[in-house]
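This report refers to the structure that appears directly beneath it.
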Amino acid sequence: MFSKLFGKKAPEKPKAPEIMGLYLGGSFELDDLKMSLLEKELTIDGAARSQLIQAVGKAPLDSGGELLRFYTDDDAFLQVVLDGGNTENHIADVKLWHFYDTRTIGSDAQWRDCLDNQISQPTYSLNGHTYTRVWDAVGEVSPPVAVTETTYEEDGDISTTDQFMMLYERPLENDRTESLLIVGEEKIIGNNADRCLVISTGFDIQPADIRING
């Protein structure tokens, strides 16, 4: 009886999602030549060619798909969009994002203004470039897309964040685009709401652009 009591295992924490050989604690490398050519057109400059995954996020989408984010030590995240399932055959889009700016939101009035006026606009100007909104709704108003992300960290901590997002794009050479992601984030800590506006720029990742270290 005592051996059963003291031999009892603690419940295992949920495991962070994995796909394409990407996993919490893993790493990947970007093709140096391709990045050197592409960076001349991008907002990001000097992206690390080798990146270590320090956290993983997972968010279900209203469309039935799933958003996976692999946060790295380069203030970046590799985002994988899944459509219709959770295998490599269901991958619809892969982008590498780098954080550009994070702005703290200190009041309910500022938060409401952020949701109503700042996140979703027909166009968004950043660093001398104009980006056009991608997620347009039917009608005049295109509200931010809402998701709840569960984030798994290396130390075992698991947290959830409500996010209100809008995607923008601008054209580059050779039919490529640079994307802009504007996100209002809200995390409830105790009885307080921790809110911020997060701006990130990114670009599509092709199979030849990346090598995943298994």
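The apolar share of the surface of the chain, taken as the fraction of accessible area on carbon and sulfur atoms (1.4 Å probe, ligands and nucleic acids excluded), comes to 48 percent.
Near ILE212, the amide H atoms lying under 5 Å from its own belong to GLU29; only residues 5 or more places off or on other chains count, and H is placed 1.01 Å from N.
Along the charge dipole of the chain, pointing to its positive end and built from +1/-1 on Cβ of Lys, Arg, Asp and Glu, which listed residue (VAL80, TYR152, ILE44) has its Cα farthest out? The one lying farthest along the dipole's positive direction is TYR152.
Largest mean-square fluctuation among ASP204, ASP62, ASP194, in a Gaussian network model of the chain whose springs join Cα atoms under 10 Å apart, belongs to ASP62. Provide the per-residue ³J(HN,Hα) series for the range 162-172, in order, calculated from phi with Karplus coefficients 6.51, -1.76, 1.60 and θ = phi - 60°, each as a whole number of Hz, with x at glycine and proline positions. Coupling constants for the range 162-172: 7, 10, 10, 10, 9, 10, 10, 9, 9, x, 10 Hz. Of the labelled figures (i) 37; (ii) 27; (iii) 14, only one reflects percent of Cα pairs over 30 Å apart as derived from the coordinates, namely (ii). Just checking the listed ones, GLY64, GLY139, GLY184: in the Gaussian network model of the chain with Cα springs under 10 Å, the one fluctuating most is GLY139. Once the 1.4 Å probe is applied to the protein heavy atoms, the chain comes out at 57 Å² accessible per residue.
Note on the chain: Lys pairs 8 or more places apart or on different chains, Cα atoms under 21 Å apart, count 7. Remark: the range 84-93, residue by residue, has Karplus-estimated 3J(HN,Hα) of x, x, 10, 10, 4, 5, 9, 6, 9, 6 Hz, where x stands for each Gly or Pro and the curve is 6.51 cos²θ - 1.76 cosθ + 1.60 at θ = phi - 60°.
3J(HN,Hα) along the range 62-79, derived from phi through the Karplus expression 6.51 cos²θ - 1.76 cosθ + 1.60 where θ = phi - 60°, amounts to 4, 6, x, x, 8, 10, 10, 10, 10, 7, 10, 7, 10, 6, 9, 8, 8, 9 Hz, with x in place of Gly and Pro. Of all the options ASN86, ASN117, ASN127, the one that moves most in a Gaussian network model of the chain with Cα springs shorter than 10 angstrom is ASN127.
The values are calculated or read from the model by the stated rules, or taken from the named source; none is laboratory data. Bear in mind that the values here come from a model prediction, so they are computed numbers and not experimental data. No Cβ is skipped: glycine too gets one built from the backbone with ideal geometry, and neighbour counts run over all protein chains shown. Heavy atoms of the whole protein, side chains included, go into the accessibility calculation; ligands, DNA and RNA do not. Shrake-Rupley method; radii C 1.70, N 1.55, O 1.52, S 1.80 Å.
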